[in-house]
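Derivation of every value follows stated rules applied to the coordinates shown; laboratory data play no part. These figures come from a predicted structure and were not determined experimentally. Reconstructed Cβ throughout: ideal geometry from the backbone, glycine too, with neighbour counts over all protein chains shown.
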Amino acid sequence: MEEWIPLGYLLSAALFIFGLKKLGHPRTAPRGNQYGAMGMLVAVITTVVDMQLASGTMNWELIIAGLVIGSIIGAIMAIKVEMTGMPELVALFNGFGGAASALVALSETWKYIEDPTLALPTGLTLQVVVVAAGLSALVGWMTLTGSLLAMFKLKGGVEIFGKWFKTPTWGPTWLNPVKVLLTLSVFALIVMSIDDPTNETYLWAIIGISCLLGIILVLPIGGADMPVVVSLLNSLSGIAAAFTGFIINNPVLIVAGSLVGASGLILTFIMCKAMNRTLPDVLFKSFGGSGEKAELTRTKVGSDADEVAMMVDGAQKVIIVPGYGMAVSQCQHQVKEFGDLLEEKFGTEVKYAIHPVAGRMPGHMNVLLAEANVPYEKLIEMDEINPEFPECDVAVVIGANDTCNPAARSGEGPLAGMPIIDADQARTVVIIKRSLSVGYAGVDNDLFYEDKTMMLFGDGKAMMTGLNNAIKEI
Amino acid sequence: MITEASLIANLTLFMLAIFLGFELITKVPATLHTPLMSGANAISGISVVGALLGANVAYQGGETLVSGLLAFVAIVLAMINVVGGFAVTNRMLNMIAGKKRRA
């Protein structure tokens with residue numbers, strides 16, 4: 001009977017493969033996610049049955065308690081999270097995954113340190129276990145610290161004892177060779193551990209350096225590149241799981257881990273391409289907010305809702321450009337009402353321009369607008385909508401800044417090279433924003449000061465409601 | 001017990017799965033980048049299998065309380081990753097793909 005246990009792992013691996021495949025297409029994605037979850041269930045059940053058959057005695061309390069506690073915490077976090085906080089949560093979960101792999105590796109090594117009567121494995125087994133545990137620790141701890149830092153960077157800062165600290169972005173070029181040296185020193189420590197597997201100093205040094213590596217890998221990266229980094233860290237957590245599979249000689253960990261590692265890497269490249277960046281640029285060139293924000297020297301007189309309402313009255317075509325501000329003020333329903341009013345009352349053509357990284361993650365705007373029942377066909381991706389701006393009467397920018405900042409075209413500064421929504425090509429631009437302050441990348445936006453731009457200063461929800469009322473009164 | 005044969009079998013699996021992973025994801029619309037990342041991330045919680053085995057082995061070894069506790073923490077963290085990851089992916093997809101189908 002026991003000999004057939006690996007068949008469960010085979011089924012689980014097949015479900016993961018189908019799951020990942022289906023997750024890549026809009027129509028099949030929900031099914032793909034279910035396949036993945038089923039694969040995980042099969043893997044856990046197989047493991048429990050395997051342990052029961054192999055040993056008979058089981059540490060049930062510990063195992064069930066762990067499974068239940070983890071599931072409950074995970075479910076609560078997933079249910080309670082606001083749509084705006086989704087990217088941070090994905091980063092946090094990812095860090096936990098990396099930490100879990102690293103902890104398994106540590107547990108495997110620690111039992112020989114803790115109980116000297118346990119016979120150390122010998123020969124090939126020892127070498128494989130030590131090398132795999134070392135690599136799993138390197139990648140796993142790095143993923144944990146890197147993901148945690150990425151999470152705080154996505155939040156923009158961290159609150160300690162009621163004080164708000166902004167997450168720093170810091171990365172001089174000399175840091176790059178340091179990263180290489182630290183990685184090599186971990187390799188050296190792993191090789192040294194083969195001859196002395198129970199040396200605690202080596203063990204703590206590997207853990208410490210790996211944690212440090214995660215931090216200095218993410219520290220120089222800021223702003224719009226954070227989703228790419230989270231995707232790369234996701235790939236790494238898969239690799240960590242695969243290395244853990246080598247330690248305990250388990251096929252499903254190796255297969256699932258390397259699948260995630262490889263597909264995560266491909267996804268990282270796809271995301272880079274969508275932003276017109278290369279991975280080495282993202283990783284080794286400090287970008288997107290050096291911490292110094294441009295000084296605001298100019299001012300602009302704000303408009304009011306009635307003025308804007310009268311102006312959109314004559315418009316034939318209006319393109320709405322949503323950004324992070326829409327997510328923060330949760331005004332997607334008001335935005336949808338605005339679009340409907342225009343169509344019904346004035347017969348205006350209304351479309352939505354979606355920047356690939358609008359908000360804090362790809363697809364953020366789609367999620368919010370879909371929640372407000374905006375038809376999917378009206379959400380147009382950047383490359384398709386940009387040629388339409390010159391013939392567009394009014395572009396309504398709601399809480400977006402960097403994604404339509406013409407400074408990106410100049411080839412200089414933190415935004416250089418980032419593709420943007422060509423909102424500035426529209427005949428009139430209406431911008432709803434709380435102030436003239438700079439966006440995530442810390443660059444002043446020329447678009448705000450142009451003559452054809454009307455600024456509506458205020459919270460997105462309040463402003464959209466005011467605008468809708470003004471339109472109804474016309 | 002790791003033998004030459006089992007190591008080579010594992011390395012083969014490792015390599016083939018990496019190639020498969022590269023081929024699996026080809027063109028993905030930007031809308032699905034985050035759900036795909038989140039779903040793949042949940043799958044990387046597979047280390048729960050290693051944590052389960054670790055918790056049990058450490059327990060049976062006798063004087064290995066700390067190792068057992070480390071494995072326990074690993075189970076908790078991996079399960080947060082798995083359950084939270086799949087649940088949050090499901091929430092996102094319901095909003096994107098679900099609406100699209102009904103529309």
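Take every pair of alpha-carbon atoms less than 8 Å apart whose residues are at least six positions apart; their mean separation over the length of the range B:28-102 yields a relative contact order of 41 percent. Do the alpha carbons of any pairs in A:LYS80/A:LYS378; A:LYS433/B:LYS27; A:LYS351/A:LYS433; A:LYS153/A:LYS179 sit beyond 23 Å of each other, and which pairs? Flagged as over cut-off: A:LYS80/A:LYS378; A:LYS433/B:LYS27. Within the same chain, aspartates and glutamates fewer than 8 places from A:LYS300 are excluded, and of the rest, those with a Cα less than 12 Å from its Cα are A:ASP446, A:GLU450, A:ASP451. The gain in end-to-end length when the A:LYS80 to A:GLU391 segment is fully stretched comes to 107.7 nm, 0.36 nm per residue minus the alpha carbon separation. Among A:ASP50, A:ASP306, A:ASP451, the order by Cβ neighbours within 10 angstrom, fewest to most, reads A:ASP451, A:ASP306, A:ASP50. Evaluating kT/(6 pi eta Rh) at 4 °C and 1.567 mPa s, with the Kirkwood radius of the range A:148-187 over Cα pairs in the Stokes-Einstein relation, gives 106 µm² s⁻¹. Report note on the peptides A:248-257, A:178-187: ranked by the mean count of other C-beta atoms within 10 Å, highest first, their order is A:248-257, A:178-187. Relative to its residue count, the range B:28-102 spans a Cα convex hull of 70 Å³ per residue.
Within 10 Å of the Cβ of each residue in A:378-388, the mean number of Cβ atoms contributed by other protein chains is 1. Computed from the Cα positions only, the extents of the range A:362-450 along the three principal axes stand at 37, 27, 25 Å, in decreasing order. Each residue, B:LEU69 and A:VAL180, gets one label point 7 Å from its Cα in the Cβ direction; the gap between the two is 4.2 nm. The range A:61-118 gives an Rg/Rh value of 1.15, both radii derived from C-alpha positions and Rh following Kirkwood.
If you model the range A:150-257 as an ellipsoid using its alpha carbon gyration tensor, with each semi-axis the square root of five times an eigenvalue, the axes come out at 29, 19, 14 Å, biggest first. Across all Cα pairs in the range A:83-284, the calculated P(r) in 5 Å bins from zero up to the longest distance comes to 1, 8, 15, 18, 19, 15, 10, 7, 4, 2, 0, 0 percent per bin. Here A:LYS351, A:LYS163 are placed in order of increasing Cβ neighbour count within 10 Å, fewest first, which gives A:LYS163, A:LYS351. May I ask you to work out the translational diffusion coefficient for the range A:305-473 at 25 °C, viscosity 0.890 mPa s, via Stokes-Einstein with Rh from the Kirkwood sum over Cα pairs, reported in whole µm²/s? In µm²/s, the coefficient is 158.
Distant-in-sequence amide contacts of A:GLY359, defined by a placed amide H-H separation under 5 Å and a gap of 5 or more residues or a different chain, comprise A:TYR324. Measuring r between the beta carbons of A:PHE284 and A:PHE165 and using R0 = 25 Å, the FRET efficiency lands at 0.45.
Per-residue Karplus couplings for the range A:83-94, computed as 6.51 cos²θ - 1.76 cosθ + 1.60 with θ equal to phi - 60°, are listed in order as 4, 5, x, 4, x, 4, 5, 4, 4, 5, 4, 4 Hz, Gly and Pro entered as x. When B:ARG91, A:ARG298, A:ARG427 are arranged by Cβ crowding within 10 Å, least crowded first, meaning fewest neighbours, the order is A:ARG298, A:ARG427, B:ARG91.
At what distance in angstrom do the alpha carbon centres of the range A:232-266 and the range A:1-37 lie from each other? Centre-to-centre distance over Cα atoms comes out at 15 Å. Taking the inverse of the mean 1/r over every pair of distinct Cα atoms in the range A:67-157 gives a Kirkwood hydrodynamic radius of 15.1 Å. Other protein chain C-beta atoms within 10 Å of residue C-beta, averaged over A:6-15: 1. Over all pairs of different C-alpha atoms, chain A has a mean inverse distance whose reciprocal, the Kirkwood radius, equals 24.8 Å. Counting Cβ atoms of other protein chains within 10 Å of each residue's Cβ and taking the mean over peptide A:232-241 gives 5. Dipole size of chain A about its Cα centre, with +1 on Lys/Arg Cβ and -1 on Asp/Glu Cβ: approximately 280 debye, rounded to the nearest 20. Here the ratio of the Cα radius of gyration of the range A:1-53 to 2.2 N^0.38 Å is 1.28. Note that the range A:42-93 shows a convex hull volume over its alpha carbon atoms of 86 Å³ per residue.
For every helix of n ≥ 4 consecutive DSSP H residues, a contribution of -39,500 (n - 2.57) applies; sum these over the protein assembly as shown, divide by its total residues, and give [θ] at 222 nm rounded to the nearest 500 deg cm²/dmol.
Estimated from H runs of four or more residues: -20000 deg cm²/dmol.
Relative to one another, the C-alpha centroids of the range A:441-474 and the range A:318-367 are positioned 13 Å apart. If R0 is 22 Å, the Cβ-Cβ spacing of A:GLU343 and B:ASN94 corresponds to a FRET efficiency of close to 0.25. Modelled this way, with points 7 Å down the Cα-to-C-beta line, the labels at A:SER303 and A:LYS155 are 3.8 nm from one another.
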